[in-house]
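Notes to accompany the following structure.
The values are calculated or read from the model by the stated rules, or taken from the named source; none is laboratory data. This is a predicted model, so every value here is computed, not measured. Heads up, the Cβs are rebuilt from the backbone with ideal geometry, glycines too, and the neighbour counts pull from every protein chain shown. To get the accessible areas, we keep the full protein, side chains included, count just its heavy atoms, and leave off ligands, DNA and RNA. Shrake-Rupley method; radii C 1.70, N 1.55, O 1.52, S 1.80 Å.
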Protein chains: 4
Amino acid sequence: MIKAGIFGATGYTGLELVKLLRRHPAADIAFVASQSQAGKTLRDVFPAAPALPLIAGADAPLDAIDVAFLCLPHAAAAETATVALAAGTRVIDLSADFRLRDAATYAHWYAHDHPAPHLLAEAVYGLTEVYRAELPGARLVANPGCYPTSVLLALWPLLRAGLPIAEPIIADSKSGVSGAGRTPTQTSHFVEVADNFSAYKIGRAHRHLPEMEQAIAQWRAAAPALIFSPHLLPVPRGILSTIYVTFEKDVAEADLRDLYTAAYDGEPFVSVLPRGQTAALAHVTHTNRCAIGLTLTGRTLILTSAIDNLIKGAAGQAVQNMNVVFGCDETAGLE
Amino acid sequence: MIKAGIFGATGYTGLELVKLLRRHPAADIAFVASQSQAGKTLRDVFPAAPALPLIAGADAPLDAIDVAFLCLPHAAAAETATVALAAGTRVIDLSADFRLRDAATYAHWYAHDHPAPHLLAEAVYGLTEVYRAELPGARLVANPGCYPTSVLLALWPLLRAGLPIAEPIIADSKSGVSGAGRTPTQTSHFVEVADNFSAYKIGRAHRHLPEMEQAIAQWRAAAPALIFSPHLLPVPRGILSTIYVTFEKDVAEADLRDLYTAAYDGEPFVSVLPRGQTAALAHVTHTNRCAIGLTLTGRTLILTSAIDNLIKGAAGQAVQNMNVVFGCDETAGLE
Amino acid sequence: MIKAGIFGATGYTGLELVKLLRRHPAADIAFVASQSQAGKTLRDVFPAAPALPLIAGADAPLDAIDVAFLCLPHAAAAETATVALAAGTRVIDLSADFRLRDAATYAHWYAHDHPAPHLLAEAVYGLTEVYRAELPGARLVANPGCYPTSVLLALWPLLRAGLPIAEPIIADSKSGVSGAGRTPTQTSHFVEVADNFSAYKIGRAHRHLPEMEQAIAQWRAAAPALIFSPHLLPVPRGILSTIYVTFEKDVAEADLRDLYTAAYDGEPFVSVLPRGQTAALAHVTHTNRCAIGLTLTGRTLILTSAIDNLIKGAAGQAVQNMNVVFGCDETAGLE
Amino acid sequence: MIKAGIFGATGYTGLELVKLLRRHPAADIAFVASQSQAGKTLRDVFPAAPALPLIAGADAPLDAIDVAFLCLPHAAAAETATVALAAGTRVIDLSADFRLRDAATYAHWYAHDHPAPHLLAEAVYGLTEVYRAELPGARLVANPGCYPTSVLLALWPLLRAGLPIAEPIIADSKSGVSGAGRTPTQTSHFVEVADNFSAYKIGRAHRHLPEMEQAIAQWRAAAPALIFSPHLLPVPRGILSTIYVTFEKDVAEADLRDLYTAAYDGEPFVSVLPRGQTAALAHVTHTNRCAIGLTLTGRTLILTSAIDNLIKGAAGQAVQNMNVVFGCDETAGLE
């Protein structure tokens, strides 16, 4: 059995990890840690959760685990990762700390020097379907952001194929409220969110932008620009990204569809929808799936890509990565 | 024109008051005050609100107004009321500070000595339909709580009639989230509220209980006991109370209905629903109305009573009270 | 493996059954049938469902299954049950057809002669925790209604104990919209439900009333009257019943709590909440659990009882019953 | 007083018109008509509405009114318009029947020959801010569609200015459920909509596309192509369109902002948001306002445009048009 420890277990992502790992046939939860709630049980925090005791992160027995999942704020995650790796534990980090390869880019977007720049080169970017080959045995996995997961899985088959794209690519993304975390704020107050819908940090302002740009640049020498417009949906969970890619010349929808079939045929967690269908949150919530729809209009391909932000966009993909790192069946605990 | 000042204008109740008074034909807003947001405009706080400048409560020109509306926390309200009354301004207090007649009861429920006990005797309890005769010219009006408004308007015709009631009366009330105020808390987080429904402070634990008991005791010598069970609804606004009154002997639904018709016939803001209909939030949200349904089952009368907690349960009833205090048409600004 | 057939698979309950049985370690789905959608696949109806072919009920191979789950309208269910039983298949009926023991009561409430009155005596009422002993080997199980499950599990420990109750018992129940089925109606239109909350069929008007009365009468010689007030919550799923039981004399909360511990200690799917806690939908949605809270106020016990109407209130309890009927682990497929 | 008749009063748009006209200082409702509900009152259909008697459209006294508002299905609207105009009544049509100037385009998109092609040339397209000069005294006004109102008000200042635009313009629009009407369908069922979000008829498939293209072609000789992607939001009302316009060369945000200020300065119902702000439904629901935000990213202008689909997108703009047609204050009844 894989022994897992969860740091930051009292956020929405941590809770989802607990649920997934408890039904995982090859993994056990060794401990759940929380800085703010140590001494309570998880059920004290979430009434429907199991009554696992919450310990302080500093007291966590790192020698009792094979893998540490970090559901911590950025910077704190890198510090815990450093300690855990030194103790010989593998780390799957759900924060942003190891997603960006370049410490200067990190410092720019997170207004903070990177706490462990020496680890950046080693981290594997855990977009499982794309970087699967690098995962087995990895010591440090940077679990992708929720928005990037929805956008990048939709773009990858296209971008790696090298079709000439008229800049820029537009990703108009809509996310449920759990994406903003569990700490109460004015913008997550029920009365502000219900019956409302709003855009925020549009254009080139959201921290998930450089993460997407980095992946795109890896896939494509002359990377097209990306415009990213997040919106806040009045739902608890789920992301739908509607993505517009305009080509420089005419393309056939069947040829585009072939690229997606080639990329995702046989993938257990990515569904390319039949012609004429578009993605919806209802396809994917409470699952580790990504559903992708393709609609060609003139020279513009409209991609609709849906995930559950807490599962494929966080805890589920983290478990998927753990499965690959440790050589389990990739779908274990996820179906 | 009646000159009005609003203290605590940046909560949901304050905002609703601003909306109502701006379209009131006989009232003007002289200022809006906020302790925490002074220096900003109301639009900085609520993007759809008018850009009125927010001043500090301490800087409010009391001599420029005829009436002060207090949308302040308890205790703070009593202190501002004292100053405002001393300056010759009438006060309509939307906090709990002047609802309970007895300073000891207040101290018990609010865990705080009453800041102005000498004013308690003077305050008129502003359940307009019941205490209308006491309002003209009143200096100090205690605007009722939202739950009590929905429960008491439903019970008044019955209780004043003196039918023998088997104890206890049960009020099972369900409220939208704005009733808990605008300060972000874990319990008002969208993800905690959406898709959820919960009971809280049931039995004899909620601060609105003594307010209801006080009114019942005024209407009825041997007052039946009251059980009050609040619940949190995943909607922004509205209260529906389902109230069970069991009589000691057989009664006729027609006779009960006559009591309600006698009490509310001609009332502009209370609708007794036709036989067979029960109240719903959709009857009343965004209005100053209270809709009351009557269903007799055996010896138990089931009352359903719906209001908008921010309007008839707060700002609307406050304006209704202002209209009566100043001798305006009672419906001015409310239709 | 238990071979199961699902009739009426394209409603919400049918879909939930498909989900549960597909992950059941000891059961397989042999077919899914639908009168209106035969020829399509389940995914054509629910985009996130598996692509199982939908056959017409009349074409269903009854000899290929061990158990038929009926998610059919009343009357249609009894007719299919008759055929299936004649073919030697066990039947778990999720409709109301075999819940009431008395054909005349059925005819009164359902405005329809019972299609198979000779089977009524044989049907086991599948409130699993209460009637577990009668289930092993049963040919015909009447799966309880969703409201009755939430109310009866809360009342059973109390009623069987014989404490003197002052009539009537009041069950103020609130249900999510899936309880009303998937057929579009004006009352299930999103715009009518969202931001709304309403009572309906209160008092003694809802068809689930006689089902509850029948159970109560079995548990208690002189059965107290029951008042049942259903309400429609703006959530997709979940029922919370707030139940008021007033005793004729003083009781101690600890003694009441002992009754519940005695009844449910060790039960995998019923949780008696700790003192001071009340039930919420968030305790139970997407699970087969029933959470019950106890609050004593004077002589009145306030019970809060929460279930997921589609799982413990329908498909989950049906699987739980199947497990007991066939001698599997009772929790198989349900955790 | 302007005497108004409302045809099709029992839909969401009709109800909203009734509310607006009842508080209009210069208009009276002469009758409300409904084909399906004649003989009932409006309150029978909407419990919170006034108890106006519903008459059959064929019985409507056209000589008693100055203006007929048509909230009818397409084709039916054109037929009623023909009769009403012949009777000397002005017509404000909220259906799609007179929005498209070309009968062949209408026949293509609505799969139906136009019932009154001779009236097409006369109809004024009632996008009030743009076509105000043509409205006074008009006999027939084609009230714009809800999506087109949100998109066109955002594009007009830009397109009439003639800046070189790289094709195509992308309008990613999100609408509340009332936009789909009040007739119950599977897609408007609460359980299908709540917690969900989906794209539909994206690309060039929605009937509002030709309406937008027609306007764009009027404003701009070489019209850029338009891609239109509607989405269904789990809210009752409101539209937010996020619109991407990419220029062929560099532009300055200040210059773009000047175009909007020039277009809308002094407009009572269009607000250009300050720099850095984006539009949200909360800016506009329950009002006749359109809020427009501008964000320049590289050479791409991201417009966010929010309206209430039932008010500025339907009934409110219809009243605004009536005000201009009859020479009233344009804001009468709308603030």
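Figures for the structure shown
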{"read-out": "Members of the range A:1-60 found to be assigned to a loop (DSSP other than H, G, I, E, B) and without any contact (Cβ under 8 Å) to a residue 12 or more places away in the chain, listed by number", "value": "A:P47, A:A48, A:A51"}
{"read-out": "For D:R237: the one exception among (1) assigned to a helix (DSSP H, G or I); (2) touching a residue at least 60 places away in the same chain (Cβ under 8 Å); (3) within 11 Å of chain A (Cβ to nearest Cβ)", "value": "(1)"}
{"read-out": "Conditions (1) aliphatic (A, V, I, L, M); (2) out of contact with any Gly (no Cβ under 8 Å at 6 or more places or on another chain); (3) open to solvent by less than 30 Å² (accessible area, probe 1.4 Å); (4) more than 10 Å from every other protein chain (Cβ to nearest Cβ): number failed by B:A262", "value": "(3)"}
{"read-out": "Residues of the range C:271-294 satisfying the condition of being free of Cβ contacts under 8 Å to residues at least 24 places away in the same chain and assigned to a strand (DSSP E or B)", "value": "C:S271, C:V272, C:A291, C:G293"}
{"read-out": "Residue count for the range D:77-101, restricted to those that are surrounded by fewer than 21 Cβ atoms within 10 Å (Cβ to Cβ) and without any contact (Cβ under 8 Å) to a residue 60 or more places away in the chain", "value": "7"}
{"read-out": "Odd one out for C:D28 among (1) among the acidic types (D, E); (2) open to solvent by 20 Å² or more (accessible area, probe 1.4 Å); (3) within 14 Å of chain A (Cβ to nearest Cβ)", "value": "(3)"}
{"read-out": "Residue list for the range A:152-168, restricted to those being surrounded by 24 or more Cβ atoms within 10 Å (Cβ to Cβ) and within 14 Å of another protein chain (Cβ to nearest Cβ)", "value": "A:A154"}
{"read-out": "Filtered residues of the range C:277-294 (kept if touching an Asp or Glu at 6+ places or on another chain (Cβ under 9 Å), within 10 Å of chain B (Cβ to nearest Cβ) and open to solvent by less than 30 Å² (accessible area, probe 1.4 Å))", "value": "C:L281"}
{"read-out": "Subset of the range C:295-335 (residues that are part of a loop (DSSP other than H, G, I, E, B), of a type outside the set (S, T, Y) and more than 14 Å from chain B (Cβ to nearest Cβ))", "value": "C:F326, C:G327, C:C328, C:D329, C:E330, C:A332, C:G333, C:L334, C:E335"}
{"read-out": "Which numbered condition D:E211 misses (of (1) away from chain A (no Cβ under 12 Å); (2) out of contact with any Gly (no Cβ under 6 Å at 6 or more places or on another chain); (3) open to solvent by less than 10 Å² (accessible area, probe 1.4 Å); (4) not basic (K, R))", "value": "(2)"}
{"read-out": "The lone exception for C:G179 - which of (1) at pLDDT below 95; (2) more than 9 Å from chain B (Cβ to nearest Cβ); (3) over 14 Å from the mean Cα position of the chain (by Cα) it fails", "value": "(3)"}
{"read-out": "Check on C:H118, open to solvent by 70 Å² or more (accessible area, probe 1.4 Å) and more than 15 Å from C:N143 (Cα to Cα)", "value": "yes"}
{"read-out": "Checking B:A252 against (1) open to solvent by 20 Å² or more (accessible area, probe 1.4 Å); (2) farther than 26 Å from B:L310 by Cα; (3) within 14 Å of another protein chain (Cβ to nearest Cβ), the condition it does not meet", "value": "(3)"}
{"read-out": "Hey, C:T149 surrounded by 22 or more Cβ atoms within 10 Å (Cβ to Cβ) and touching a helix residue (DSSP H, G or I) at 6+ places or on another chain (Cβ under 7 Å) or not", "value": "yes"}
{"read-out": "Exclusive hit being under 14 Å from A:S150 (Cβ atoms) and in contact (Cβ under 8 Å) with a residue 12 or more places away in the chain, set A:T242, A:T246", "value": "A:T242"}
{"read-out": "Test: C:R43 is surrounded by fewer than 22 Cβ atoms within 10 Å (Cβ to Cβ), within 12 Å of chain A (Cβ to nearest Cβ) and touching a Gly at 6+ places or on another chain (Cβ under 9 Å)", "value": "no"}
{"read-out": "Of residues in the range B:174-187 being among the polar types (S, T, N, Q) and part of a loop (DSSP other than H, G, I, E, B), the one farthest from B:G8 (Cα to Cα)", "value": "B:T185"}
{"read-out": "For D:P224: the one exception among (1) modelled with pLDDT under 95; (2) within 13 Å of another protein chain (Cβ to nearest Cβ); (3) out of contact with any Phe, Trp or Tyr (no Cβ under 8 Å at 6 or more places or on another chain); (4) open to solvent by 30 Å² or more (accessible area, probe 1.4 Å)", "value": "(4)"}
{"read-out": "Filtered residues of the range C:188-234 (kept if part of a helix (DSSP H, G or I) and free of Cβ contacts under 8 Å to residues at least 12 places away in the same chain)", "value": "C:S188, C:F190, C:V191, C:E192, C:A217, C:Q218"}
{"read-out": "Answer residue from the range A:183-201, given it is within 20 Å of the chain's Cα centre (by Cα) and either more than 7 Å from every other protein chain (Cβ to nearest Cβ) or at pLDDT below 95 (or both) and is least open to solvent (accessible area, probe 1.4 Å) among those", "value": "A:T183"}
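Let's see how each residue does on (1) within 22 Å of D:Q317 (Cβ to Cβ); (2) among the small types (G, A, S):
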{"residue": "D:V18", "(1), (2)": "yes, no"}
{"residue": "D:L42", "(1), (2)": "yes, no"}
{"residue": "D:A49", "(1), (2)": "yes, yes"}
{"residue": "D:T80", "(1), (2)": "yes, no"}
{"residue": "D:V83", "(1), (2)": "no, no"}
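Here is a yes/no grid of residues against (1) over 13 Å from B:E211 (Cα atoms); (2) touching a Pro at 6+ places or on another chain (Cβ under 7 Å); (3) outside any helix (DSSP H, G or I):
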| site | (1), (2), (3) |
| --- | --- |
| B:F98 | no, no, yes |
| B:R101 | no, no, yes |
| B:T105 | no, yes, no |
| B:A121 | yes, no, yes |
| B:Y131 | yes, no, no |
| B:G137 | yes, no, yes |
| B:V141 | yes, no, yes |
